[in-house]
Structures are given as C-alpha cells and as structure tokens.
1. Scan region 102-128 for residues that are part of a helix (DSSP H, G or I), surrounded by fewer than 18 Cβ atoms within 10 Å (Cβ to Cβ) and of a type outside the set (G, A, S) and jot them down.
2. Being at pLDDT 95 or above, in a helix (DSSP H, G or I), touching a Phe, Trp or Tyr at 6+ places or on another chain (Cβ under 8 Å) and not basic (K, R) is the requirement here; does L97 meet it?
3. Tell me the helices (runs of 4 or more DSSP H) entirely within region 1-66 that contain at least 1 residues that are small (G, A, S), farther than 19 Å from G120 by Cβ and open to solvent by 40 Å² or more (accessible area, probe 1.4 Å).
Amino acid sequence: MDGWAPRDEAESEAGWRLWLALSGRLWPSAEWDGTPATALGGLRAVLAGCGAIRGAYAGDPSAAVLRLVDSVVFVVSLPLELWRDDVLPVDVDRAALLHSDLAGVVEHVAEVRAVLARGGGWAELEAR
C-alpha cells in the first residue's frame, strides 16, 4: 500500500475520520452468540463509517484518501456478503473459515491505519 499525505484540510479530516472508524472492534465480543451474522457487527460499523466519510467529503473526488476508503469498503464487503445471513452457530470448520475472513479484514485495516497514521502525522497514536 502506497503512502498517503493529505493535500488539504478536507482530506486530512477524512483521513482522521477513517482512522477513527477503523479503530473499533472488528472481532466478535465475549457476548457473541456463535453465529457468523452476529460476528460481523464491527464490519458493519466500519462500512457505515466509510459511507459517512464518503458522503461528507467535499474535496477532490480523486483524492487518495477516498481510494483508501474504497479499499476498506471492498475488503469489508467480501465477508459481509458471504456471512451476513448465516444465523447458524459455527462448527469447527466454519469457525476456521470465518476466522480467516475476519483476519484478512483485520490485516487490511491495520495496513490502512498505519498508512493514515504516517501520512497524517498520527504515527505516535498508532504505536499505542
């Protein structure tokens, strides 16, 4: 993933909002009922946050921060599409598949957060 540096205040604000949106919990909490559909709550929140960022962004429509938003939407949408209606508790095999899908999202989110932190000057926040 290439570096990013905000070109203006609008892009900096969008980058900060994306960094915050990606700061939430992606793994299911201890209250998880064992179904894939409920395991996706954090992904749904990220997708909603990305939609809000895109909707509020008033800067250049080709801004690099929007490409970062789009990459997150793409990566998050794949497991959401696959698992969103699955309300049966997972067995060992399905748990491994769900875990793999969530781990892929977590890895991508970590990369995007690191790019945003470096480019936005928030690297010390990422280290915490």
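1. Applying the first criterion (part of a helix (DSSP H, G or I)) to region 102-128 yields 102-120, 123-126.
Applying the additional criterion that residues be surrounded by fewer than 18 Cβ atoms within 10 Å (Cβ to Cβ) yields 103-104, 106-108, 110-111, 114, 118, 123-126.
Answer for region 102-128, where residues must be part of a helix (DSSP H, G or I), surrounded by fewer than 18 Cβ atoms within 10 Å (Cβ to Cβ) and of a type outside the set (G, A, S): V106, E107, H108, E111, R118, E124, L125, E126.
2. On the way: at pLDDT 95 or above: yes; in a helix (DSSP H, G or I): yes; touching a Phe, Trp or Tyr at 6+ places or on another chain (Cβ under 8 Å): no; not basic (K, R): yes.
When the stated conditions are applied, L97 does not pass them.
3. Values: elements: 9-21, 36-39, 41-56.
Where helices (runs of 4 or more DSSP H) fall fully within region 1-66 and carry at least 1 residues being small (G, A, S), farther than 19 Å from G120 by Cβ and open to solvent by 40 Å² or more (accessible area, probe 1.4 Å), they are 41-56.
The values are calculated or read from the model by the stated rules, or taken from the named source; none is laboratory data. The shown structure was predicted, so the numbers you read here are calculated from the model rather than taken from an experiment. Neighbour counts run over all protein chains shown; Cβ positions are idealised from the backbone, glycine included. Ligands, DNA and RNA are excluded from the accessible area calculation, which covers all protein heavy atoms including side chains. Shrake-Rupley method; radii C 1.70, N 1.55, O 1.52, S 1.80 Å.
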